[in-house]
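So the structure is just underneath, and the comments pick up after that.
What follows draws every value from the coordinates through simple rules; no lab data is involved. Not measured: the values here are computed from a predicted model. Positions of Cβ are generated from backbone atoms using ideal geometry, with glycine treated the same way; all protein chains shown enter the neighbour counts.
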Amino acid sequence: MASDTEKETGLVFHPMQQFEVSPLFGDGPVHWYTPTNVTLWMAIAVLAITALMVLGTRGRAIVPNRLQSVAELAYGMIHKMVEDVAGKDGLKYFPYIMTLFMFIVFGNMLGLLPKSFTVTSHVAVTGVLALAVFISVTTIGFLKNGTAFLGLFWVTSAPLVLRPVLALIELISYFVRPVSHSVRLAGNMMAGHAVIKVFAGFSAIAVISPLSILAVTAMFGLELLVAFIQAYVFTILTCVYLKDALHPSH
Amino acid sequence: MISLLQEAATTVVEQSQGAAAASEHGGATAQAAAAAGEASAPGMPQLNFDTFPNQIFWLAISLVVLYWVLSKIALPRIAAVISDRQGAITGDLMAAEEFKQRAKDAEAAYDKALAEARGEAGKIVAANRAEIQKELDAAIAHADAEIAARVSESEKRIREIRDSAQADARQVAREVTAQLVETFGGQVDQGAVDQAVDNRMERALQ
């Protein structure tokens, strides 16, 4: 089908090609241990975060420089979020949430570089992140509250007749959390990048190309916003889930 | 789907190879291309489950490394920096507050000292005034006494002078009277003359 369009109009659309997982060296099959572009971009993300958070703060200055300010801003934002949403006892899990936020925001932002690979556009990655949150939050909930954690599903403020129905709905919504949590992030990343690619494909036609470049620029700006917002949303939802686990009463 | 792909692949291969290519050779390449096309099937690479273990493996490693870096190095350091800064700010504010308090105290002490000095000065002035007044009083009293003494002395002298003048006058009057009486040929009775002069003078002095 793609070849048909290619033949007829001279346009090349491969919007999904950017998401291919391919080995870094050679053309072999992708085993679980093969270094792939996933490895490369995750490593770049980890190194970039380390550069910002460790090298940026090595001055330990009372009056921070620009890099240290950014690191402190990120720290302050997530720290405040955890404290505000999950409460003081949620601060114990702050490093974990900070890791999630930094990884996602850097994955999203680095994915916006031309020719890069967006690790957070894959449900395999976001799914693992969301499942890790889901499993750890559920475990924390049961460890902290015991069976009282099940009170999360038993809405005591509702009339008794409605409670079983509500419990069922709550239970379903609870188990849908990791799905929505992961698909929201991956879907946003994938859609934005694919749209940019499609707009870029149109630039092969001379008449449309100025418009196409304008559209790509606009989309890129929007995607910058989305990249940050989705990382923020993922993190704040994690905090909300954590709050549910720590204080399951409605 | 796959048949469509095969068709497409065949077309592409035929185009690229040209019409002169041998038919069986072209067919073999088409099959290879079709196989390649199947491997990178258009669709979502996200749903290609073959790459899942790879992604999950590298994700796990990345997250562990990142968690270690953040929780062991970066976050404690940033927390320390932020609390240091907070401490420095609080310390500075407290120092400023202390200095302000000290300035206030100094001002109060100054005011107090000033008021005390004023009071002291007032007291000294009053004491001096009292002393001067005392001295003055003493001097005045002294002067009064002296004046009184002099006055009494003068009065005494005046009296003496008057007395002596009276005595002299009496003497002269007696002598003159006696002389007169002698001149007129009378017998001078010294007692009667004295009596008459005394009577006369008594009346004159009154």
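For this structure, a couple of remarks:
- Yes/no for residue B:64 being under 30 Å from residue A:40 (Cα atoms) and either surrounded by 12 or more Cβ atoms within 10 Å (Cβ to Cβ) or not hydroxyl-bearing (Ser, Thr, Tyr) (or both): yes
- Test for residue A:134: is it of a type in the set (Phe, Trp, Tyr), under 30 Å from residue B:48 (Cα atoms) and surrounded by fewer than 23 Cβ atoms within 10 Å (Cβ to Cβ): yes
- Selection from the stretch A:167-208 of residues that are aliphatic (A, V, I, L, M), without any contact (Cβ under 8 Å) to a residue 24 or more places away in the chain and surrounded by 17 or more Cβ atoms within 10 Å (Cβ to Cβ): A:200
Here's the yes/no breakdown for (1) at the interface with another protein chain (Cβ under 7 Å from one of its Cβ atoms); (2) crowded, with 23+ Cβ neighbours inside 10 Å:
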residue: A:48; (1), (2): no, no
residue: A:62; (1), (2): yes, no
residue: A:65; (1), (2): no, no
residue: A:79; (1), (2): no, no
residue: A:82; (1), (2): no, yes
residue: A:86; (1), (2): no, yes
residue: A:89; (1), (2): no, no
residue: A:109; (1), (2): no, no
residue: A:119; (1), (2): no, yes
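- Exactly one residue out of B:150, B:203 is surrounded by 10 or more Cβ atoms within 10 Å (Cβ to Cβ) and either more than 60 Å from the chain's Cα centre (by Cα) or on the phi > 0 side of the Ramachandran plot (or both), and it is B:150.
- Test: residue in the stretch A:147-155 that is part of a helix (DSSP H, G or I) and closer than 30 Å to residue A:45 by Cα: no
- Checking A:143, A:129 one by one, the residue that is more than 14 Å from every other protein chain (Cβ to nearest Cβ) and either in contact (Cβ under 8 Å) with a residue 60 or more places away in the chain or over 26 Å from residue B:59 (Cα atoms) (or both) is A:143 and no other.
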